[in-house]
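What follows draws every value from the coordinates through simple rules; no lab data is involved. All of these numbers come straight from a predicted model, not from anything done at the bench. As a convention, Cβ positions derive from the backbone with ideal geometry for all residues, glycine included, and neighbour counts pool all protein chains shown.
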Amino acid sequence: MFYPYFYFDPTMILLIPAILLALYAQAKVQGTFRRYSRIAARSGLTGAQVARELLKNNRIYDVSVELTQGMLSDHYDPRRRVLRLSPEVYHSNSLAALGVAAHEVGHVLQHETGYGFFQLRSAIIPITNIGSQLSFPFLLAGLLLGIEPLVYIGVLGFSLAVLFQLVTLPVEYNASGRAIEALELGGYLGRDEVGSAKKVLSAAALTYVAATIMAALQLVRLLLISGLLGGRRRD
């Protein structure tokens, strides 16, 4: 039979490295952002101004730049064609703000150019959202009731969430590369300022790496618990 060990069992130890990395990544991105938020770019432009300039430079006129609430809540909404910047980025002329704003414009450019991983991520978002929400209820019900098909469905649902994280990595790194190139070529950052913007974006990218490792190790843990990877099996 299936054993009802789901949330707390020895396989939890697998998640410790990912948890530590996630804590480090979060501290790293916040510390790096705060550090370079204190240094103003010589261009004197704010994150919002740079974002609009970069969009204009690429002849993109149907994407609006808006203010949103929440620290580091910056994102691009491809459905509504809106680039939203947090107050710390929208109003600031710091090196950190310009790096983050340009990164979000990088996502806009991915959308415009049909970047493959961006398109794939956008396409799988609905199914991965459903899969991640239903995976744990199915897994728990399957393990407690001993219904093997429910376990398989739960593992498959969580696998989709892992796939989303894997696809997100190249999307984020590519957007950062586009951002640095645009800032340097456009003259918004000097050569001696580019390195600081790179540090901010590299720290942010580490959070995505940590999330991917966490998801992958969680999947391995679920496979062990369900017996699909040589763990507990039915008698």
Considering the values [x] -0.50, -1.15; [y] -0.55, -0.97; [z] -0.42, -1.00, which represents log10 I(q)/I(0) by the Debye sum over Cα atoms at q = 0.10, 0.15 Å⁻¹ as calculated for the structure under consideration? [y]
17 Å reach of a label modelled at Gln133, 7 Å along Cα-to-Cβ, counting backbone N of the stretch 144-159: 154, 157-159
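Which percent, nearest 5, of DSSP beta bridges in the stretch 15-123 are antiparallel? Before the final figure, lay out each step's value.
Values: 4 of 8 bridges.
About 50 percent, rounded to the nearest 5.
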Per-residue HN-Hα couplings for the stretch 103-110 [Karplus 6.51, -1.76, 1.60; θ = phi - 60°; Hz; x = Gly/Pro]: 4, 5, 5, x, 5, 4, 5, 4
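Report, for the stretch 10-226, the % of DSSP beta bridges that are antiparallel, rounded to 5. Don't skip to the end; give the middle numbers.
Working: 4 of 8 bridges.
Restricted to the stretch 10-226, the bridges split so that about 50 percent are antiparallel.
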Grab the Cα-Cα distance for Arg38 and Asp77, subtract it from 0.36 nm times how many residues apart they are, and report the gain in nm with one decimal. 11.2 nm
Below 28 Å, Cα to Cα, which lysines can Lys28 reach? Residues fewer than 8 away in the same chain don't count. Lys198, Lys199
